[in-house]
1. Would you mind checking the pairs LYS40/LYS112; LYS438/LYS527; LYS267/LYS294; LYS240/LYS267 and listing those with alpha carbons more than 24 angstrom apart?
2. Modelling each spin label as a point 7 Å along the Cα-to-Cβ direction, I'd like the ASN165/GLN518 distance in nm, to one decimal.
3. Give me the one-decimal nm value for the distance between modelled label points at LYS138 and THR239, 7 Å along each residue's Cα-to-Cβ direction.
4. Sticking with the crude label model, points 7 Å out along Cα→Cβ, report the distance from GLU373 to SER361 in nm, one decimal please.
5. Could you tell me the calculated FRET efficiency between LYS179 and ASP553, based on Cβ-Cβ distance and R0 = 60 angstrom, to the nearest 0.05?
6. Report the Cα centroid-to-centroid distance between segment 82-126 and segment 42-61 in angstrom, as an integer.
7. What figure in square angstrom, to the nearest 10, would you give for the accessible area of ARG30 with a 1.4 Å probe?
8. Subtract the Cα-Cα distance of LEU172 and LYS468 from 0.36 nm times their separation in residues, and report this length gain in nm to one decimal.
Amino acid sequence: MKKLLYAFVAIVLLIIISIVTITSLVDTDRVKAMLSEQVKSATGADLVVSGDLSWRFFPSLGFTLGQTELRNVAGYSEQNLVEFKSASMDLAVKPLFDRKIQVGQVTLSGVKINILTKANGETNLDEFSQGITKQNEKKPVKKQPEETTESTVKPDFIISVAGINIEQGQLLLRDEASKKQQLVSNIDFSTSDIALEKAIPVTASADYAAQGLVARFESSFNLQVNAKLDVLDITTMKTKAELAGDAIPSGEQTFLVDADMRYELNKNLATISQLRLNAFAHELTGSASLQQAKIPRIRFNLSAKQLDVDNLLTQFTTSDKPAAAQPTVTEKSAAGNDQGKSQASTDLSILSAIDLLGDLSIGKVLVSNAQIEQVKMKAKISQGIAQLSGIQAQLYQGQLNGNLTLNGKTKVPTFKVQQNLTGVQVRPLMTAVAEMDKLAGAMNASINLTGTGLTDPQIRKSLAGEAKLKFTDGALHGINIAQMVRKGKAQLKGQSVDDVAEKKTDFSALTGSFQIAQGVARTQDIKMDSPALRVNGKGQTNLINESLNFLVDVAVVGTLKGQGGKSEDELTGIKVPLKITGSWQAPAFALDMEALLKQEMKQHGDKLKEKLDQAIDEKIKDEGTKELLKKLPLKGLFD
């Protein structure tokens, strides 16, 4: 072992003596020419060293090389593939005797790399690689040395580098045909105390510019590589990115990323822990992993205090152009079919190339002006199908549970929604989402729907399934059904009724189940119970143009005093049809006056028949005549 070590040290000393001799006897221009010849022989490319070459021998062996350029082959807009203003490195000699290779500071200043692509897709890197291959083919094949026996012992050396500095570097990516380019400039990279199994501090920064985008990146972290060179750890990473341009929401954004990362080469596995991402006025924390495979495997556990979907949509859709007038519901419905035909369906085939599984929790979600709190769900993408399962959330004093499935394997994506809502206060929810405040109460709902497409017209037209709704301890605002019935009957008598101050109909329960198909939701079992009224009805609503068409029967079953009536009400027992038309935002209510008139006439006819029968019994003594008179169709006159 010692003999091998002495032999190695002797070789190193011989190299040093040779270098000293060469630099003493041969001028540096000759050395630079030899270097160019060797590069030409190995790669076929021209190396031009126009800068000075200088040597250092004490206290360490080192060199500094000035302006150097590695040429492209002819036909490119940039003359050089790689160039640098200066490069320097040194090696400590004494530690070699202790089996230590200590490289000093390695510095590369003003390095520029140009990656250029021709119209045929070939790059200057491709041609450089082809040149190396051609040069190797010209060389004679050397006999491979015999494999060393297991008994042969190789000395282990500890390698360390004092540091690597890259100053004012530049990377240019250019498409020669389109002249589009990306430029990474002002690249500064610095490390110190480089060694295996040791945390290496690293700082890096750069500017980026492309069409419509400029950016500035700054990062610092500790880098550690294990002795086998198969595990890389990055800890305490802090990265800042400032972006600006037409492609950036709101014109400019700042991203902050703190994280620890690990890459295991033998597993092709990258993991991220202690993640804290700040972007678009949101913060995301948690952990994630990515395993390289034919289908990449992504796993995560992420959480956020708040997700403001409305704010994000505003940022991503804000434009300097003046806002166009918003279409009305009628205009949207008229254009719905055309949009559905002309608008290209979203292609979600990319889902087949993703294997994703993870948990997501959000403290508060703001979407369509609604607030959803304590959101938890499990996300999964597998074999082209995306699922959100086990969805739990608090929604306006109630609870939401559900599942969502999106199938991206079909030409037009399909989806399935299953939701259960319990105790949700519907008025503040609908006011926030759709500016509808006509219905109040605690809502329980069971929703099972399927559909096709992802655009609004496609969804409205393709929805199919069932929705069961129940509202308790609520009210219909904007309508006082009892007052409408009272007013309608008074009109038939030529009388007037004082208006009540509040247009509201209280109820203890309101239920209905809707069958949804082809853009229409239909029901046959609307029921409403209140202390004074019983309502049964049926009808439909058009999901595309948001129109209403319902007919309900209103039965007065008790005093209407609580609904603006008197303590002794003459309306008990009356049953009146009520038509509900208009739109979701502006519903219209109207009594069926013709039906009310018929009931009024029928009621008077029954009373008149009773009086006639009584008079016949009192005045007519002959039984035959009595029966004959009673059979006269007087009652039918009022039906």
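The values are calculated or read from the model by the stated rules, or taken from the named source; none is laboratory data. Computed from a predicted structure; not experimentally measured. When we count neighbours, we look across all protein chains shown, and the Cβ atoms used for this are built from the backbone with ideal geometry, even at glycine. The accessibility values were calculated without ligands, DNA or RNA, using every heavy atom of the protein model including side chains. Shrake-Rupley method; radii C 1.70, N 1.55, O 1.52, S 1.80 Å.
1. Values: LYS40/LYS112 20 Å; LYS438/LYS527 17 Å; LYS267/LYS294 13 Å; LYS240/LYS267 29 Å.
Cα-Cα > 24 Å for LYS240/LYS267; rest within.
2. Going by the 7 Å Cα→Cβ label model, 7.8 nm.
3. With each label point 7 Å from Cα toward Cβ, the separation is 4.3 nm.
4. So the two model labels end up 1.6 nm from each other.
5. Working: r = 74 Å, r/R0 = 1.24.
My answer for the efficiency is 0.20.
6. Cα centroid to Cα centroid, the span is 11 Å.
7. Per-residue accessible area (ARG30): approximately 120 Å².
8. Working: separation 296, 0.36 × 296 = 106.56 nm, distance 6.10 nm.
Full extension of this stretch gives 100.5 nm more.
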